[in-house]
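The values are calculated or read from the model by the stated rules, or taken from the named source; none is laboratory data. Small disclaimer: the values here were computed from a predicted structure and weren't measured. Note that we place each Cβ from the backbone using ideal geometry, even for glycine, and neighbour counts take in every protein chain shown. Heavy atoms of the whole protein, side chains included, go into the accessibility calculation; ligands, DNA and RNA do not. Shrake-Rupley method; radii C 1.70, N 1.55, O 1.52, S 1.80 Å.
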Amino acid sequence: MPSLPCWDLTDLFAGPDDPAIERAFAAGEQAMAALNETYKGKLAQADADGLLDLLQRYEQLLQTVAKPVVFASLR
């Protein structure tokens, strides 16, 4: 049976103990709390610019927390 590929993941994190992993999750928690504070109960009143802001911030949040998940998955 062929061996599994060995990925070079240093573009994501230096290793499984990289403190940047915890910082990424903490940044995600902070971003989610900020989104919640900004938009909870107010989404129905949001205009197009508000919805665009929400979606852009949410996209950034997903990218932030997906990075450690992808690292773990590929590792």
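Quick notes
- Consider segment 25-41 and keep the residues that are in contact (Cβ under 8 Å) with a residue 24 or more places away in the chain and more than 19 Å from F13 (Cα to Cα). The one that is least open to solvent (accessible area, probe 1.4 Å) is L35.
- Of the listed requirements (1) in contact (Cβ under 8 Å) with a residue 60 or more places away in the chain; (2) open to solvent by 40 Å² or more (accessible area, probe 1.4 Å); (3) not in a loop (DSSP other than H, G, I, E, B), W7 misses just one: (3).
- For segment 42-75, the set of residues classified as surrounded by 14 or more Cβ atoms within 10 Å (Cβ to Cβ) and not in a helix (DSSP H, G or I) consists of A46 only.
- Hits in segment 1-36 - residues which are among the charged types (D, E, K, R) and at pLDDT below 95: D8, D11
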